[in-house]
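Read-outs throughout are calculated quantities, based only on the coordinates presented, and are distinct from any laboratory measurement. Remember, predicted model here, so these are calculated numbers, not experimental data. Here the Cβ positions follow ideal geometry from the backbone for every residue, glycine too, while neighbour counts run over all protein chains shown.
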Amino acid sequence: MPPMVNSTVPRTSQRYIQGSRTSDPESQSATHILNDTNTDSSTIQHSDSTSEEQEEERKRNTYSGLPGWLDFFWGGVYAPGASTHDPIEILLNTEDEEERDRLTELWRDNRLNELSFVGVVAALLAGVLTSTGSWPAILPNGKISPWPVRTTWYCGIVLSVFALLSAADQTVRLYRLSSHRDGRVQIRELLSKSKGKPRNGRSRPSMAQLYTWQMPVMFLTTATICMIVGLFLHVWSAIRRLDHEHWWSDDAKVAVAFSVVGTISIVAFFAGQVTLYIS
């Protein structure tokens with residue numbers, strides 16, 4: 001009868017061989033390299049997916065046709081544009097805490113400087129519009145300006161005053177938030193659409209906050225438009241006379257010269273906006 005072979009020996013030797021392979025430094029280093037490679041590839045895939053999501057969101061926020069022209073002419077100068085939205089989104093989604101705090105302080109300081117500038121310009125514009133009542137009468141019969149002229153200037157006074165008031169209010173609020181121990185965190189929570197992370201892992205700025213911080217510029221821009229429109233109406237109201245024998249009078253010359261200079265200035269302003277536009 002042939003001797004029986006112990007079947008446990010091969011299994012034990014196999015375990016020994018596997019254990020020796022696992023304890024081999026070269027095998028361990030190869031395993032670590034493989035794990036690091038898998039981690040790096042997953043990180044790259046995650047960053048690629050994040051960049052693709054950002055690109056898709058940017059495309060969704062990009063308008064075409066008439067809304068695109070409105071976004072071009074009104075973005076930044078009047079309504080919030082990319083230069084207002086992107087810095088807030090970046091500081092809300094920065095992973096490093098120190099960098100996030102630094103970006104928050106940078107946004108706060110730049111916002112305070114902008115509010116200070118808007119407040120000064122709004123005060124000067126309100127002073128100019130308030131003095132329109134003492135301007136020399138341009139009508140030949142010595143009457144006061146027509147009601148559309150006075151209406152646009154009075155509206156400009158109200159808008160410039162509210163531009164100054166909103167700039168002062170936001171400046172005081174930023175200073176008070178900054179004096180708090182967790183002021184930078186509170187500023188980010190104020191700017192964010194929600195306190196928690198959304199499903200896609202990125203926080204988005206609140207649209208209401210964007211328009212609120214843009215409000216002083218919107219008031220100031222509207223007040224400036226009212227002043228310009230009132231000037232055009234004021235100058236051209238002097239030549240609306242049917243009983244005048246000669247149309248080409250001094251009042252008509254003043255109106256034409258003013259219109260030419262005003263039109264050139266408006267065209268130059270919008271040409272400058274083309275070079276400063278950020279899509």
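Of note:
- Note on Trp248 and Glu189: the extension gain reaches 15.0 nm, defined as 0.36 nm multiplied by sequence separation minus the Cα-Cα distance.
- Fully extended contour minus Cα-Cα distance, from Phe232 to His85, at 0.36 nm per residue: 49.4 nm
- Distance between the modelled labels on Ser259 and Arg102, one decimal in nanometres: 5.6 nm (7 Å Cα→Cβ projection).
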